[in-house]
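The values are calculated or read from the model by the stated rules, or taken from the named source; none is laboratory data. In this text, all values refer to a predicted model and were calculated from it rather than measured experimentally. As a convention, Cβ positions derive from the backbone with ideal geometry for all residues, glycine included, and neighbour counts pool all protein chains shown. Surface accessibility is based on the protein's heavy atoms, side chains included, excluding ligands, DNA and RNA. Shrake-Rupley method; radii C 1.70, N 1.55, O 1.52, S 1.80 Å.
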Amino acid sequence: MTIAAKDIQKALLPEKAVLSFRKKKIELDVYQGTQKELAIDITKLRAKTGMITLDPGYGNTGSAMSDITFVNGEKGILKFRGYRVEELAEHSRFVEVAYLILFGKLPNRDEYQKFSHLLEEHTALHSSLEHHFNGFPDNAPPMAILSAMLNATACYHPELLDTELDAQNFLTASTKILSKVRTIAAMSYRRSNGFPIIYPNHQLKYCANFLHMMFSQPYREYEVDPVVERALNIFFLVHADHEQNCSASTVRMVSSSRANLFSSVAAGVCALWGPLHGGANTEVIKMLQSIYKEKKSADAIITMAKDKKSKFRLMGFGHRVYKNFDPRARILKKQVDEVYKILKISDPLLDIAKSLEEKALQDEYFIERKLYPNVDFYSGLLLRAIGIPLNMFTVMFAIGRCPGWMAHWKELLDHNQRIVRPRQIYMGVVERKFIPIEERE
Ligand code: ACO
């Protein structure tokens, strides 16, 4: 799907925004999206005025016109290609939503079968890639392995490194990536635990196959519990895209240089790794574990999170866009409650999380700053319940986010967007004369 020129034209409003500075006034175009969001077009600002805009962290910068995902942070709305995430989580599954995000429509039966078939066909890695894989230390972080292995995988598909992939090649490349990230993630878990690698079983569906590669043994097949499979589907599905977040913007920035799909997605993996982004799901559990171990009270943690002298933040809380609630956190919290009940699990960390949430939501500091649980607050508790170890949490997020990254790569290239190259305000020394080393103090 590409946004048509006529739709862009339709989005252009007849009114103009006026900017005045030092007796000079200029008019700027204003665009309105399909959900009535307004944006001032500053693409000609520097040419007209010599000025740039300053927005570190890009909190007010629209970097693209996109038709993949819509987020309304004030109302807590998230839609993929127009469908509410709550509705998709209830009625759909990850593979179907991946197709929706990649190709702009829910698949019909034939399209779904073809897509699922390709995902199963592409599961295995080229046998030579095992040499790359064996080069990693046993305890290598799965995110490092995933990003490196994605670039290594690219070497075996030179025909897919073009940025002008036709529909067939994009389907091939995207299903290869979506399928293999799961295999690579499972392999890193097996290796880190000293277990033999389990080959994929192409008769199993996406999530079941992943669980099989994670937990089967050569002498004992893992029996996939439908409750666990459903929970994993929902976990991946809610992570499938989130418009211009840090990792998607990274993918877009890399692809704007016309880098191939594999390396652009590998860059997304690296951006996701950080604790302020996808890495937060690991940090939440580490925080809950330390509260449990050190018998800290929820009040003490909240006080610490508010203390500007400490660098501590309440992990899994706050979001750049959501200023009311994060619908993904609600879906995952509900899923956590269901899974814990059905599987008869009790976890003291869940009780701690709930009491932290309750206290934080009543605290003036959090209310004032509109800080609510984000997607990462409950996602780790869900992963724990289905047996995924802590060091795999962020790589699980990465698997789920792949459809979004690939859709952004494609969209940017379809729109033939210019290379991303922000400007800056230079604040350094104006000019210095070179001093030979002998004369320097
Ligand atoms: N705990 C305590 N205070 C917080 C928290 C938090 N989790 N989050 C934000 N604040 C405070 C800030 O200190 C700041 O206070 P101030 O106005 O007094 O200076 C205010 O709230 C605004 O915070 P910013 O850092 O400006 O918000 P920003 O939009 O830049 O950051 C972020 C958003 C990174 C998510 C932040 O809320 C955070 O660090 N949260 C914890 C990490 C986390 O959960 N990340 C996962 C996000 S979801 C995702 O990426 C998938």
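Overview of results
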quantity	calculated
Exclusive hit being within 13 Å of the ligand (Cβ to nearest atom), part of a loop (DSSP other than H, G, I, E, B), over 16 Å from the mean Cα position of the chain (by Cα) and under 17 Å from PRO373 (Cα atoms), set LEU314, LEU276	LEU314
Residue identified as within 14 Å of the ligand (Cβ to nearest atom) and at pLDDT 95 or above among LEU371, LEU382, LEU390	LEU371
When residues of segment 58-75 are limited to those that are open to solvent by less than 30 Å² (accessible area, probe 1.4 Å) and within 16 Å of the ligand (Cβ to nearest atom), the one farthest from the chain's Cα centre (by Cα)	GLY73
Scope segment 158-185; condition in contact (Cβ under 8 Å) with a residue 24 or more places away in the chain and closer than 17 Å to ARG258 by Cα; matching residues	LEU160, LEU161, ASP162, THR163, GLU164, LEU165, PHE170, ALA173, SER174
Some residue of segment 358-380 being of a type in the set (Lys, Arg), part of a helix (DSSP H, G or I) and under 30 Å from CYS207 (Cβ atoms)	no
The listed residue being modelled with pLDDT under 95 and either in contact with a Pro (Cβ under 8 Å, 6 or more places away or on another chain) or of a type in the set (Gly, Ala, Ser) (or both), out of SER297, SER257	SER297
Selected residue (only one of GLU96, GLU87 is outside any strand (DSSP E or B), closer than 30 Å to ARG330 by Cβ, at pLDDT 95 or above and open to solvent by 90 Å² or more (accessible area, probe 1.4 Å))	GLU87
Members of segment 392-429 found to be among the aliphatic types (A, V, I, L, M) and open to solvent by less than 10 Å² (accessible area, probe 1.4 Å), listed by number	MET392, VAL395, MET396, ALA398, ILE399, MET406, ALA407, LEU412
Residue, surrounded by the fewest Cβ atoms within 10 Å (Cβ to Cβ), within segment 332-364, restricted to residues that are within 14 Å of the ligand (Cβ to nearest atom) and closer than 30 Å to PRO226 by Cα	GLU357
Test set (1) modelled with pLDDT of 95 or more; (2) open to solvent by 40 Å² or more (accessible area, probe 1.4 Å); (3) within 15 Å of HIS122 (Cα to Cα); (4) of a type outside the set (Phe, Trp, Tyr) - LEU204 fails condition number	(1)
Hits in segment 160-201 - residues which are of a type in the set (Gly, Ala, Ser), over 22 Å from HIS117 (Cβ atoms) and open to solvent by less than 30 Å² (accessible area, probe 1.4 Å)	SER188
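Here's the yes/no breakdown for (1) more than 22 Å from ASP326 (Cα to Cα); (2) buried (at least 17 other Cβ atoms within 10 Å of the Cβ):
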site: GLU223; (1), (2): yes, no
site: PRO226; (1), (2): yes, no
site: ASN233; (1), (2): no, yes
site: ARG252; (1), (2): yes, yes
site: SER256; (1), (2): yes, yes
site: ASN281; (1), (2): no, yes
site: VAL284; (1), (2): no, yes
site: ILE301; (1), (2): no, yes
